[in-house]
Amino acid sequence: MRIDYLIDYMLAKNARIRGSSSKRKKGGKSKDHGRQPKTKSINDLPRARRVGSGSHDHHKGNAKLLSTSKPRSHGSPSGGYKLNIVRPGQGHGKQTLLSFTKTRKSRTRDDHVQRHPGYEGRGGSDDEAADDADDEDVEMLSVEDKFEDEAHQLSKKDDQKLTWKQRLKKRKEAERMHGVYTHIAEPGTRLRANAGDQVPFESGSKRISSTSRKRNSGKQRKKSNRKDLVWDMEQDDNDDLRQALAPPPSSQPRVNSSSAPKRVSVPHPLNNKDTIGANLEPKQGSESRSHVVRTDSDFALLLPGRTFGSKTYIKRGMLYELIQIMQPANTSASTPAPILHPKYNAPHLPITFSLSNPLSDFLRDLPILCEHLGEFVTGLPDMDEERVGREWRITMRGVEEVLTGFLKGEMNDIDLQKVHNTVENALKGLILQMGAADFTKMTIDVMTLDVAWFAVELGVRAGFRLPSSNLLLDASKLLVGLLLGVDSGLKGAMVQMRDLTRELNDLNSVVQRGAELWVFLIFVLGPKGNHRSPDESHPLWDIVTAELERSTSVAQWSLVSTDAIWQTISNLCALSQFSEHGLCKEKPTIPEHWKIVHFALKSARLQIDPDNERDLSPATLRTKDRYTKLIVTRCFFLVTRWGWTVENDILDKLSKMFMSRKYRNLEHEDADFPEFLRTQRWESCFDYSKRDSAFVLFLKLAVQRKHIVTRSGKPERFIDNQLKKLLSFITPMGSLVSFSKANPAQGNELSMLYNRMAATAVGLHLLPSEYRAKVQQARKYIDFVKSDDTSRVACIRSLMYLSQMIVLEKLPLADTEVNPWYKDIVDVLIKEYKTLSTNAHGDSLNRVMLLLTLVPGSLRHILNAYNDPETGPQYPDLSLLDVIQRIGNDSSIMENINTAQEVEKVLRTFLSIRDKIIPAPQLPPLEPLLENNTDEDLHESQGCYGDMDIDIDDPTVLALLAGDINEPSSTERMDSKKAKVLSPLTGLVPSSGFLGLVDRWIDTWLQFASVAMTHSQNMTWTSLCLDGRNTWEKDGNIDFACRRRIDLRVAFNILTRTPMSYQDDKLKYYFIETLFYALVPGQVTIQHDFVSWLLSIDGLRHSLLRKLPVLLPPRPEIHTFSIEDFVSVREQLLGGILDNIEHSLHDEENNTGIRTVLGESPTNKRYAEFLVNYLTTLKETWMNLPHGSKERQDYEHKCKEITKLIYETHSRIGTLARLGKWDVWRRGLD
């Protein structure tokens, strides 16, 4: 990997530097229980995305880590040492070759457990990281498949002991029993005569066909095609897990035994068509046979447009009709009473309900009907149960309509009170009768749910409302208890709702009817028929919470039952997407209710208890971590998907959980900074990523809470107090384990540092005014001197991200400890570098050099924060350059090409930001256009101004004419202050060791010099460049072509940075001389840009530039040559310049009268020197081409054309004495 990519990679990702510290003793407990694939070296690492890189210029060739092209001694910082930079979980130990010829051996859970004793040293695991971090498919095998596989293996062993006759007999018996089922019913149920029919899965039937068992036992483990977390909880639910997750006895919710309804064992009729499994028969290999959890899909919204079937109650308008009845203002919109009143006869009872009967008959018969209705659903079944059930449903519907008809009619207060009392007493008896029955999952059918709903609807029609009515509350509790009992967690309902191939039109499906009744309860129990304010709680949540508390208090704790609480929360929100017409909408309508979430959090012990977990296996602890991540993810989904508002109490509970873990990531989670901090994209806190750790999700919830508080419209003091309270939840408490070279971080232990730094960054985001304290707090988390190399990288990254945040918040970096912190880091590294340089510590020296290179890389990323469009123009903080100066002042460090390259990038990034806020330099005024052509005449005619290019309307000119001298702006003052800081850096002149970076170094160096020169009276371009030209002109390590390249680059920078320098005679001579170099045929780099700027600034006023074939735009616009245009016009430009030289020689001939010896005037001597330099460059370029190559032959032909143009087309130029020897070279070309 190239070093520039490596620096950006290490600053963007968590990378471990191998060999940076001594290993722990083998006899002690290892804290690294992570994944251990092969180690990756630098060149093996993938090319990373360069986050925040301000440079896009790259030199050719791959630079080895911290080494130049020449071999160096052991003390050199660029020695040929090799470091292993490894991502967490991507390597431990030596790098080995993979064998593709051997069979891959699977590793059992027990083997893995034996290698990882104890909780304190938990690290990452392969399977867990594959589930959550790497987004890989998870293989899943149901419990039944395992049993079948084991049975098949035992059967094979038994078959080997049998004779061939015994095996033949066994095979025939299997064929005879193929397709035969044995039905096993639970106590209290009754099986109908349905021999040969397939029994639903939930009925407890067992298939005993050995043929099918053999066929199924050979199937392979199936991969889930889903990318989210797949988890079969029933397989992991054991005694150890109960010990790890079950809350202490004192914290478990208990229900008063006196308030709990007493249950008696009463047989209950069961209709097979109404069982829960009637429409849930699992397919082969289906996951519905076990409690499978998917973190994404289980908490996902339903697809809008999903609707109930036309035969269902909700699609027939019954819910809508009931809602209209509940609203007195809309009674006129309800269905008008028919003229002929129908009569409804109760089955096996001599009672009839009709509006044609008097009210007294209704009040007399209603208690009788409720009593017999209760006996029907709790007693023994009838001979014709289906027909009787249909009759009862018709009767219940008729009773509801008759009651509504009486209430709509004219009724006095006495009769109204009698109706209320009768309905209340009748329903109380029905509720008590059903509550006393021993209903189980297998004994609840559609009729049972319909009767329970009849009690709710009749009470609502009678005018009972929550929360004032205990009758409606008891009826609702009865129905909710039955719904949760028949479909725990509403999982079966969600299977049907999410299966788009299933039509929701089966009236015999107890699951479908249950889902429909949940929608009924959401609308009916809500205040004013579901028309409520967003802040108002829904009574259904309290009823559900109470029922869940009752059921968990009387049953043994299990992972499945505890998880059913979360399933209930999510699935109830999903069902609230349905409208009163049975159509699924985009968003849920039921309001949030965090009390049930508090109850769900109390139902599991998520905090770390060392005493309780001392004897638990690592596998159990890993399962606990997985479940903890699942719970935090669900809390996040409640906010982001279901639209709940984050509460402080929830954040408080989660913070205590992380505090017990010392803010370390869960076992299967990698250690790194959150993505929103690495990219500074805080809007991503509202999005979920599978790579987010549980603590990162917690921080995202805190950011969302801040967004809610700041937009609440409350007084500023209230908001400030709320943010401080929120800050207290996320601020890590307790000390951090000190990582050192002797005791480095193992596994994901470094996450304790990452999470503390991330929490500090979030705190800075919550309260930017506390930025000084946050930087000071972060600095105390780690001792850079004692830390190992990997922790040092994390420290540098932490400082980089915090500094970026301060810049983005438009806060001054100079007021913080950022600069002292950076200086301390650099001083420590330089001291170690000098110490190691004197000894043969190549590998250690190389690591220190890498860290020194990371420092300017982090500074470059900080500077890139100033380029954020939302921050607006800001002058970069000058304190960052102090760190660069400390590194640049050490010549031995700057000898390393990689470190020097990073230093140059920082300087160039700094200057590019400065250029965006500094006004563009002004162009010099055009010189007078005279008739004569000599420079001497130009200087002698100072009184003749000619055509002066001065814009009288220019604000600057008007200000000067008016005498207005304003005070320097803040930007100018900062620029002047920066000039003092940059002056020492102008001494970083490119040397022979940086020829591959010469262009970038010259650009950066001269840009710094231009800033320093602008605010300095002692520094000029003449003294800095022209007088110091010997630096590259007489350096034997720099060839002729590179010297010309440097000249061209220097001239171009001076001309573009300070166009006013063209008025200096020495610099103008230097520019014209460089122009001849630019016109030499060859590869075009910046020649076209230099010629464009020179011609535009001169305005074709110079005697050599007169009448060139160029059409210049009006000033101050700069003419632009493309590379193609420049190549095509290059020879024409040379011809025009030669014409001007020929004309100057002609004038000299006329003035002196001497025709044989020309070029003796000062002007023509300069022109002859320009031509000599041009021909010298032309010859050197030709000689450096490979002999015999086509390229050399083509260039030789070009040389002939040019020399012919000089010597033959311009005869006077050919007579110049200094060009005589070049005429010999020209003839030698022929």
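The values are calculated or read from the model by the stated rules, or taken from the named source; none is laboratory data. Not measured: the values here are computed from a predicted model. Every residue, glycine among them, receives a Cβ derived from its backbone with ideal geometry; neighbour counts consider all protein chains shown. These accessible areas exclude ligands, DNA and RNA; they are computed on the full protein's heavy atoms, side chains included. Shrake-Rupley method; radii C 1.70, N 1.55, O 1.52, S 1.80 Å.
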Self-check item: Residues of the stretch 639-666 satisfying the condition of being more than 21 Å from the chain's Cα centre (by Cα), hydroxyl-bearing (S, T, Y) and surrounded by 20 or more Cβ atoms within 10 Å (Cβ to Cβ)
Solution: S655
Quiz item: What number goes with the only condition from (1) within 25 Å of K1221 (Cβ to Cβ); (2) at pLDDT below 90 that P1116 does not pass?
Solution: (1)
Practice problem: Considering every residue within the stretch 445-459, establish whether at least one is touching a helix residue (DSSP H, G or I) at 6+ places or on another chain (Cβ under 9 Å), open to solvent by 20 Å² or more (accessible area, probe 1.4 Å) and in a loop (DSSP other than H, G, I, E, B). | Solution: no
Self-check item: Odd one out for R1155, checked against (1) of a type outside the set (S, T, N, Q); (2) modelled with pLDDT of 90 or more; (3) loosely packed, with under 15 Cβ neighbours inside 10 Å
Solution: (2)
Quiz item: Can you tell me which of T835, T871 is assigned to a loop (DSSP other than H, G, I, E, B) and surrounded by fewer than 24 Cβ atoms within 10 Å (Cβ to Cβ)?
Solution: T871
Practice problem: Sort through D1089, D1125, D1064, D1139 and tell me the only one that's of a type outside the set (F, W, Y) and within 17 Å of F1170 (Cβ to Cβ). | Solution: D1139
Quiz item: What single numbered condition from (1) outside any loop (DSSP other than H, G, I, E, B); (2) in contact (Cβ under 8 Å) with a residue 60 or more places away in the chain fails to hold for T760?
Solution: (2)
Self-check item: Single condition R792 does not satisfy, out of (1) among the basic types (K, R); (2) open to solvent by less than 30 Å² (accessible area, probe 1.4 Å); (3) in a loop (DSSP other than H, G, I, E, B)
Solution: (3)
Quiz item: Among A604, A619, which is touching a residue at least 40 places away in the same chain (Cβ under 8 Å), in contact with a helix residue (DSSP H, G or I) (Cβ under 6 Å, 6 or more places away or on another chain), part of a loop (DSSP other than H, G, I, E, B) and small (G, A, S)?
Solution: A604
Quiz item: If you take the residues of the stretch 876-907 that are surrounded by fewer than 23 Cβ atoms within 10 Å (Cβ to Cβ) and of a type in the set (G, A, S), which of them is nearest to L854 (Cα to Cα)?
Solution: G888
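For (1) under 13 Å from L638 (Cβ atoms); (2) open to solvent by 30 Å² or more (accessible area, probe 1.4 Å), each residue gets a yes or a no:
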residue	(1), (2)
S553	no, no
W557	no, yes
L575	no, no
H581	no, yes
P591	yes, no
Quiz item: So which pairs qualify, if the first residue must be in the stretch 433-456 and of a type in the set (S, T, Y), the second must be open to solvent by less than 20 Å² (accessible area, probe 1.4 Å) and part of a helix (DSSP H, G or I), the Cβ gap must be under 6 Å, and the two must be at least 6 apart or on different chains?
Solution: T448/V377
Quiz item: Could you say whether any residue in the stretch 850-860 is within 19 Å of F1008 (Cα to Cα), modelled with pLDDT of 90 or more, of a type in the set (A, V, I, L, M, F, W, C) and assigned to a helix (DSSP H, G or I)?
Solution: yes
Exercise. From the list R711, R772, pick out the single residue that is open to solvent by 10 Å² or more (accessible area, probe 1.4 Å), free of Cβ contacts under 8 Å to residues at least 24 places away in the same chain and farther than 23 Å from F658 by Cβ.
Key: R711
Quiz item: In the stretch 1181-1202, which residues are surrounded by fewer than 15 Cβ atoms within 10 Å (Cβ to Cβ), in a helix (DSSP H, G or I) and either out of contact with any helix residue (DSSP H, G or I) (no Cβ under 8 Å at 6 or more places or on another chain) or among the acidic types (D, E) (or both)?
Solution: M1183, K1190, E1191, Q1193, D1194, E1196, H1197, E1201
Exercise. Would you mind stating whether F676 is buried (at least 23 other Cβ atoms within 10 Å of the Cβ) and either touching a strand residue (DSSP E or B) at 6+ places or on another chain (Cβ under 6 Å) or aromatic (F, W, Y) (or both)?
Key: yes
Quiz item: Tally time: how many residues in the stretch 617-654 are within 20 Å of E669 (Cα to Cα) and of a type outside the set (S, T, N, Q)?
Solution: 17
Quiz item: So is S787 buried (at least 18 other Cβ atoms within 10 Å of the Cβ), among the small types (G, A, S), assigned to a helix (DSSP H, G or I) and at pLDDT 90 or above or not?
Solution: no
Self-check item: From P921, P925, residue being over 30 Å from V828 (Cβ atoms), touching a Ser or Thr at 6+ places or on another chain (Cβ under 8 Å) and either modelled with pLDDT of 50 or more or part of a helix (DSSP H, G or I) (or both)
Solution: P921
Quiz item: Just a yes or no: is a residue in the stretch 627-638 touching a Cys at 6+ places or on another chain (Cβ under 9 Å) and either assigned to a helix (DSSP H, G or I) or not β-branched (V, I, T) (or both)?
Solution: yes
Quiz item: Can you name the residue in the stretch 790-824 that is within 22 Å of T679 (Cβ to Cβ) and basic (K, R) and is also modelled with the highest pLDDT among such residues?
Solution: R797
Exercise. Output the number of residues of the stretch 539-596 satisfying the condition of being of a type in the set (K, R) and part of a loop (DSSP other than H, G, I, E, B).
Key: 2
Quiz item: Given the stretch 639-754, what helices (runs of 4 or more DSSP H) lie entirely inside it while holding 1 or more residues that are over 30 Å from S537 (Cβ atoms) and at pLDDT below 95?
Solution: 648-660, 675-678
Practice problem: Hey, can you tell me all the residues within the stretch 1042-1056 that are charged (D, E, K, R) and modelled with pLDDT of 85 or more? | Solution: R1049
Quiz item: Just for the stretch 379-415: of the residues that are in contact (Cβ under 8 Å) with a residue 24 or more places away in the chain and β-branched (V, I, T), which one is most open to solvent (accessible area, probe 1.4 Å)?
Solution: I394
Exercise. Just one of (1) touching a Leu at 6+ places or on another chain (Cβ under 7 Å); (2) modelled with pLDDT of 90 or more; (3) among the charged types (D, E, K, R) trips up D877, so point out which.
Key: (2)
Self-check item: Lone qualifier among S1144, S1103, S1096 - being of a type in the set (S, T, Y), more than 22 Å from S1211 (Cβ to Cβ) and open to solvent by less than 40 Å² (accessible area, probe 1.4 Å)
Solution: S1096
